[in-house]
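Down below is the structure, laid out as structure tokens.
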Ligand SMILES: Cc1cc2nc3c(=O)[nH]c(=O)nc-3n(C[C@H](O)[C@H](O)[C@H](O)COP(=O)(O)OP(=O)(O)OC[C@H]3O[C@@H](n4cnc5c(N)ncnc54)[C@H](O)[C@@H]3O)c2cc1C
């Protein structure tokens, strides 16, 4: 059975004008809208399908600072602060709980990598610490696999993806924002070189600024504007169990399994060491950009050539604004999970933690991660398109750092001094971004 995600009621009418228009109703778009609306700015979020039904509703629900790229730690810290008051902020239940995250290491070499990251943790006074194998027994009782050690962060957390973003969207509406579902944005209009409107499938909305928070669709959208955004999709496969007593209450990641306790008493489970890289035309176009990360992740990525190649080859990469676009043809990206990967992950998990032996699978699903070559998002204005901002490419960790990232983009949009240094996230770090793509 596939995934069930909460839905919000549709907003009836399309406004004629909104100061800011956000494209995409995932955690990034909705939280950006919420921060702007709280500042009294008129904001409209346009979502082609349903709010939070793509990555933001399909992820593992880990809210983690541990192991982050150093450039993302300030975003992680601000996000954690925001998450810890999230239920109050949105007046709803997002399931946020500081339940701790453990990374177990099979080998001394892997443990040494974790230890190296602790240098960053110390700078920010994080409570991350190493565990030796005896201490692992205390933290993870019932663990039957011998690990060289572990990295443990008690203050890391989890939240519930299947309901968190819909709760945030309801809060955005209460603060006066508009959230339009089943309303794909086809493109933008400019006046004297500045963004002046977006064209949606339901009509045009005038605006002064636009934020693209389109997740795995951002590359396609930007391609039509002549911007070559180096983003690929990687398929993650996930399952959730019925309520289960016995396994540890933490989120735990090993080399070949991952689990975390859920608010409903079940567990969300995946194979941490295996994702599917679908071979598509973009794999060849972006081969050079992704080669270093492909080499680094060669043991974790399983290349697959299937129906998706033809599907993407047939997807138009250019369209006029009065034409039906690929965004309207695919309301929700809902790929099938890779059952072999799920089966392996489950078997590895049961071997390591026999308490999972009696698990009953309630649902299984797939989700496409929007991956960037350096696994760091782009957050900022497009220099040659004043008023147009990108917040995309969260590379598998935008749920946890989403609130801080949204806060940053909202600060940039309203011209406020940002709390966090935005320079590591500038799109100019990809020299080719400013290169105009060839229409094919
Ligand atoms: C299997 C899996 C596991 C993950 N686990 C974790 C985790 O444990 N912790 C973590 O921090 N992160 C995790 N992530 C990553 C995290 O889910 C994402 O980084 C985050 O949700 C990205 O949010 P977003 O708003 O950018 O994108 P999305 O949630 O994908 O939202 C983008 C939205 O834009 C809409 N859209 C696109 N184009 C248009 C258009 N033209 N018009 C209108 N709407 C449009 C789409 O329909 C979509 O709803 C995981 C992801 C996956 C897939």
Fraction of antiparallel bridges per DSSP, the chain only, in percent to nearest 5: 65 percent
Specify the angular offset, from 0 to 90 degrees and rounded to the nearest 10, of the alpha carbon long axis of helix 398-413 from the longest principal axis of the alpha carbons in the chain. 30 degrees
In 10 Å bins starting at 0, how do the alpha-carbon pair distances of the chain split up by percent? 4, 22, 33, 26, 12, 3, 0
Rounded to whole angstrom, the alpha-carbon centroid of segment 360-381 lies from that of segment 14-89 at a distance of 14 Å
For segment 186-298, state what percent of all Cα-Cα pairs lands in each successive 5 Å bin, counting from 0 Å until the bin that includes the largest distance. 2, 9, 13, 14, 11, 11, 11, 12, 10, 5, 2, 0, 0
Length gained, residue 315-residue 190, 0.36 nm per residue minus C-alpha separation, equals 42.5 nm
May I ask you to work out the translational diffusion coefficient for segment 305-438 at 25 °C, viscosity 0.890 mPa s, via Stokes-Einstein with Rh from the Kirkwood sum over Cα pairs, reported in whole µm²/s? 130 µm²/s
Tilt of helix 339-352 relative to the longest C-alpha principal axis of the chain, in degrees (0 to 90, nearest 10)? 30 degrees
State the extension gain, in nm to one decimal, for the chain segment bounded by residue 71 and residue 19, taking 0.36 nm per residue of separation less the distance between their alpha-carbons. 15.7 nm
Which of 13, 283, 133 ends up with the largest GNM mean-square fluctuation for the chain, with Cα atoms connected below 10 Å? 13
Theoretical gain in end-to-end length, residue 344 to residue 245 [0.36 nm per residue, Cα-Cα removed]: 33.4 nm
Log10 I(q)/I(0) at q = 0.18, 0.26 Å⁻¹ for segment 326-393, from Debye over equal alpha-carbon scatterers, is -0.91, -1.13
Ratio of alpha-carbon Rg to the 2.2 N^0.38 Å globular estimate for segment 101-154, to two decimals, please. 1.09
Rounded to 10°, Cα long-axis angle of helix 161-174 versus longest principal axis of the chain: 40 degrees
Would you calculate the convex hull of the Cα atoms in segment 1-102 and tell me its volume per residue in Å³? 148 Å³
Which value in deg cm²/dmol, rounded to the nearest 500, describes the helix-derived mean residue ellipticity at 222 nm for the chain, given -39,500 (n - 2.57) per DSSP H run of n ≥ 4 and division by the residue count? -9000 deg cm²/dmol
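Read the figures in this text as sums done on the coordinates, not as results from a lab. Quantities reported herein were computed from a predicted structural model and do not represent experimental measurements.
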